[in-house]
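Input: a single structure, listed below in structure tokens.
The values are calculated or read from the model by the stated rules, or taken from the named source; none is laboratory data. Remember, it's a predicted structure, so these values are computed and weren't measured experimentally. Here the Cβ positions follow ideal geometry from the backbone for every residue, glycine too, while neighbour counts run over all protein chains shown. Heavy atoms of the whole protein, side chains included, go into the accessibility calculation; ligands, DNA and RNA do not. Shrake-Rupley method; radii C 1.70, N 1.55, O 1.52, S 1.80 Å.
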Amino acid sequence: MSGKSGGAGEKVSRAWKCFDRRAAGPTHRQLLYLGALLAGIIAVGALVLAVCHPGDRALWHAFLYATDSGYMGQDMESMAGPSLLGVLVTLLGWVFMSGLFLTILVNGYQEHVGRIRDGKRRYVFSGGHGIVLGWNRMGVSVVGQLLRHGCGEIVILALRGAQEIRRHLQAELADFGREEHRIFILNGSFDVAQELEGLNPAEAGEIVILGDPDVRDDHAVLGGTTVCSCDSRNMEAAMHIGDIVAGGNGRRGPVRCHIHLSNLRSYGMFQRINLPRSGGGGLELRPFNFFENWAWQLWSPLAMRGQPRPFFSLTHGKPFTRENGRHVHLFIVGFGLMGQAIAAHTARIAHFANGQKTRITVIDSQLDWWRDVFRSHCVVERVPDLSLEFLALSAESDEARRRMEEAAADERCVMTVAVTLSNPDAAMATALSLPRGVLMRDIPVLVRQETFSGLSRLTELIRGTKHEDAELWDEIRFFGQLDHCVQFNEERERIARRIHDYYLRQARRNAEAAGKPFVPGKSQVPWEELPVKFRLSNMCQADMISVKVEAMGYGLVPARPERPLHVFTAGEIERLAEMEHDRWVAERTLAGWAHSAVRDDKNLLHNDLIPYAELDEPTKEYDRDAARSLPELLREGYGLDIAPLSGTTKG
């Protein structure tokens, strides 16, 4: 008996399993099963009616009984009332048609909406769309920029839950309600080639690979073994996209793929290698790093023209000469990834050829680990005209305060303090606890804040009051916001491209003047073919334009056609050339190059990594040409002229 009972139970279980799989299947399959069941009921009803009432249209009457409950009272003509069979067929039809049918439709709609909300639906994208792969705290800013950049649709593919991403966008993206219909959030892994192919990357307007880690660089996370990086995965995704683009790119021009590299060492790698274009030249790889992006934004007004970004002058608008002996002194409080990026970029562009070294003092109580990390990819101490000092102290310590007060009191010192702590409350508290001798002078205090709200807005309100301590807040400025973490505008690249084009023209002219054929080197090719590391070099040169102009005692003003183009004196040309050479030496040194009597690009050795005075004349002429081109470059490219700074005297 038990065996029979078990066998019967097993059969019942199998039957229910079969039913459940079909009942929980796709909506179209459920409707198909319902239709088949209803057809069976009609067929059985028609058969019985044909036996009981031969000659009548049994099938038609059975169909009406099953599909129209109002027909139940209109039975066969020979019957005085509705037949029991008619009532039974009508009830069964009502249950299946009105009950299960509507239930299936409602459940199917809910399932469809659920798949959309969970990011399980897939769509066809015809082109011109923006693609965001992965999601972190920069994601909202990236989506906003892609929308403003003209991408008709934005598709986000990430492992993070689609509803969580939607909540982020609702809370932080302005006009999300108006733009929601243009944003598609898909849940999945961008490691899967099939997922990437479905996004149609070959026809995309912009591609941004963010990855999954967060951009916060707290000591507790990055200071130990829990460092999380997705650089390798991001690069792998870029290679997959390159393969897809190579097989299906019928558009004009390459697809731009912005790759977030969270590790500064990974990002620095691109300054050491000739990264080729992927996808048969159809994919243009553009590496970026959140901290490096903010480092160059701080000191580069030309690259950020037209953008609502803060700009802080390294020179404070003052001329730097041998006679006045001025020097820049930058104090960096907190040496996480943001502090390291600012130190490295300052070392690239703060060169004044006036016999004074730029000084960078790093203050961090947890310095030992960060110092080793920084030196592993950026040896600032090897830059000839720069001095780097590390203080393993808190900014509130007596020694750190004494150092800052001494620098603030030195009339030859052009001082800036950058508080780069990732915790916004700690950063603001540290800034306000700086010595009064710093806060009461015209010394910019740059404070990292991820959003312009809370403490940032409070500071703006205090500045507008007549409170007795309002002066302490006058020079506090904010940077490091998550918006504009990726630059889709062409301003910085446009400057760099003009610099490179002028360099190419001058190289050809020099070859013609020497009566030799022009044989282009690795850096003497059109911009479209120029490796990433040389593009970054040109961008670094562009970042220093305002520093050079101000250090010479000039400023930038709107161009006027009637005003003659500025012409530097021979002495100014020579000093600008020396500044440019010092910048180039610093850039190469920070990228790992060293001096050698014989140039060897493979081993990062260069014979020109020497003081400007020791260069041969043809090499000096390249730097002089760069100086001579500045007035023309600024007027033609940006409608700006060089003019003397008001209230200054050049020495």
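Can you tell me which residue is modelled with the lowest pLDDT among those in the range 312-345 that are among the hydrophobic types (A, V, I, L, M, F, W, C) and over 22 Å from Ala408 (Cβ atoms)?
Initial filter on the range 312-345 (among the hydrophobic types (A, V, I, L, M, F, W, C)): 312, 314, 320, 328, 330-333, 335, 337-338, 341-344.
Filter once more, keeping what is over 22 Å from Ala408 (Cβ atoms): 337-338, 341, 344.
Values: Leu337: 90, Met338: 93, Ala341: 93, Ala344: 93.
If we take residues in the range 312-345 being among the hydrophobic types (A, V, I, L, M, F, W, C) and over 22 Å from Ala408 (Cβ atoms), then Leu337 is modelled with the lowest pLDDT.
Need the failing condition index for Asn234 against (1) buried (at least 20 other Cβ atoms within 10 Å of the Cβ); (2) at pLDDT 60 or above; (3) over 30 Å from Gln541 (Cα atoms); (4) not aromatic (Phe, Trp, Tyr), just the number.
Condition not satisfied by Asn234: (3).
Regarding Arg412, is this residue of a type outside the set (Gly, Ala, Ser), within 26 Å of Ala613 (Cβ to Cβ) and open to solvent by 10 Å² or more (accessible area, probe 1.4 Å)?
Details: of a type outside the set (Gly, Ala, Ser): yes; within 26 Å of Ala613 (Cβ to Cβ): yes; open to solvent by 10 Å² or more (accessible area, probe 1.4 Å): yes.
Yes; evaluated as a whole, the condition is true for this residue.
For the subset of the range 113-139 comprising residues that are of a type outside the set (Gly, Ala, Ser) and within 21 Å of Glu490 (Cα to Cα), which member is modelled with the lowest pLDDT? Before the answer, list the steps.
Taking the range 113-139 as the starting set, the residues that turn out to be of a type outside the set (Gly, Ala, Ser) are 113, 115-118, 120-125, 129, 131-133, 135-138.
Filter once more, keeping what is within 21 Å of Glu490 (Cα to Cα): 129, 131-132, 138.
Working: His129: 94, Ile131: 96, Val132: 96, Met138: 89.
Checked the range 113-139; the qualifying residue modelled with the lowest pLDDT is Met138.
Any idea which of Thr589, Thr619 is within 25 Å of Arg382 (Cβ to Cβ), open to solvent by less than 20 Å² (accessible area, probe 1.4 Å) and hydroxyl-bearing (Ser, Thr, Tyr)?
Working: Thr619 fails: open to solvent by less than 20 Å² (accessible area, probe 1.4 Å).
The unique qualifying residue is Thr589.
Could you tell me which residue of the range 424-459 is surrounded by the most Cβ atoms within 10 Å (Cβ to Cβ), considering only residues that are at pLDDT 90 or above and part of a loop (DSSP other than H, G, I, E, B)?
My answer is Leu434.
Cβ-Cβ below 7 Å, separation at least six or inter-chain, first residue in the range 315-335 and more than 18 Å from Arg575 (Cα to Cα) and touching a residue at least 12 places away in the same chain (Cβ under 8 Å), second open to solvent by 10 Å² or more (accessible area, probe 1.4 Å) and among the hydroxyl-bearing types (Ser, Thr, Tyr): which pairs?
Here the result reads Val333/Thr430, each pair linking the range 315-335 to a residue that is open to solvent by 10 Å² or more (accessible area, probe 1.4 Å) and among the hydroxyl-bearing types (Ser, Thr, Tyr).
Filter the range 360-402 down to the residues that are without any contact (Cβ under 8 Å) to a residue 40 or more places away in the chain, part of a loop (DSSP other than H, G, I, E, B), open to solvent by 70 Å² or more (accessible area, probe 1.4 Å) and not acidic (Asp, Glu) and list them by number.
Ser365 - this is the single residue of the range 360-402 that is without any contact (Cβ under 8 Å) to a residue 40 or more places away in the chain, part of a loop (DSSP other than H, G, I, E, B), open to solvent by 70 Å² or more (accessible area, probe 1.4 Å) and not acidic (Asp, Glu).
Only residues that are among the polar types (S, T, N, Q), over 31 Å from the mean Cα position of the chain (by Cα) and open to solvent by less than 20 Å² (accessible area, probe 1.4 Å): list them for the range 316-345, please. Spell out how you get there, then give the answer.
From the range 316-345, those among the polar types (S, T, N, Q) are 321, 324, 340; that's our starting set.
The next check asks that each one be over 31 Å from the mean Cα position of the chain (by Cα); those that pass are 321, 324.
Selection gives Thr321 alone.
When residues of the range 528-567 are filtered for being in contact (Cβ under 8 Å) with a residue 24 or more places away in the chain and part of a loop (DSSP other than H, G, I, E, B), how many remain?
11
Could you give me the residue pairs with C-beta distances under 8 Å whose first residue belongs to the range 133-144 and is in a helix (DSSP H, G or I), whose second residue is of a type in the set (Asp, Glu) wherever it lies, and which are 6+ apart or on separate chains?
Val140/Glu172; Ser141/Asp483; Gly144/Asp483
Let me spell it out: the conditions are (1) part of a helix (DSSP H, G or I); (2) closer than 26 Å to Lys318 by Cβ; (3) touching a His at 6+ places or on another chain (Cβ under 9 Å); (4) open to solvent by 10 Å² or more (accessible area, probe 1.4 Å), and Arg348 meets all of them except one. Which number is the exception?
Going through the list (1) part of a helix (DSSP H, G or I); (2) closer than 26 Å to Lys318 by Cβ; (3) touching a His at 6+ places or on another chain (Cβ under 9 Å); (4) open to solvent by 10 Å² or more (accessible area, probe 1.4 Å), Arg348 breaks only (3).
Would you check if Tyr554 is hydroxyl-bearing (Ser, Thr, Tyr) and open to solvent by less than 30 Å² (accessible area, probe 1.4 Å)? Please lay out each step first, then the result.
Values: hydroxyl-bearing (Ser, Thr, Tyr): yes; open to solvent by less than 30 Å² (accessible area, probe 1.4 Å): yes.
Yes.
What are the pairs with Cβ atoms under 6 angstrom where one residue, in the range 232-257, is within 18 Å of Ser189 (Cβ to Cβ) and the other, located anywhere, is of a type in the set (D, E, K, R) and modelled with pLDDT of 90 or more? Sequence gap at least six, or different chains.
As it stands, the answer is Ile244/Glu197, since those pairs meet every condition given.
Closer than 19 Å to Arg628 by Cα, open to solvent by 70 Å² or more (accessible area, probe 1.4 Å) and outside any strand (DSSP E or B) - does that describe any residue in the range 568-581?
Filtering the range 568-581 down to residues closer than 19 Å to Arg628 by Cα leaves 568-581.
Remaining after also requiring open to solvent by 70 Å² or more (accessible area, probe 1.4 Å): 569-570.
Pick out the ones that are also outside any strand (DSSP E or B) and you get 569-570.
Yes.
Just to be sure before I move on: is Thr619 over 18 Å from Phe320 (Cβ atoms), in a helix (DSSP H, G or I) and within 31 Å of the chain's Cα centre (by Cα) in the structure I sent?
On the way: over 18 Å from Phe320 (Cβ atoms): yes; in a helix (DSSP H, G or I): yes; within 31 Å of the chain's Cα centre (by Cα): no.
No; evaluated as a whole, the condition is false for this residue.
Let me spell it out: the conditions are (1) touching a residue at least 24 places away in the same chain (Cβ under 8 Å); (2) surrounded by fewer than 22 Cβ atoms within 10 Å (Cβ to Cβ); (3) in a helix (DSSP H, G or I), and Glu180 meets all of them except one. Which number is the exception?
(1)
Within the range 479-507, which residues are of a type outside the set (D, E, K, R), in a helix (DSSP H, G or I) and in contact with a Lys or Arg (Cβ under 7 Å, 6 or more places away or on another chain)?
Within the range 479-507, the subset of a type outside the set (D, E, K, R) is 479-482, 484-489, 495-496, 499-500, 502-504, 506-507.
Imposing the further condition that a residue be in a helix (DSSP H, G or I) reduces the set to 495-496, 499-500, 502-504, 506-507.
The answer is Ala496, and nothing else.
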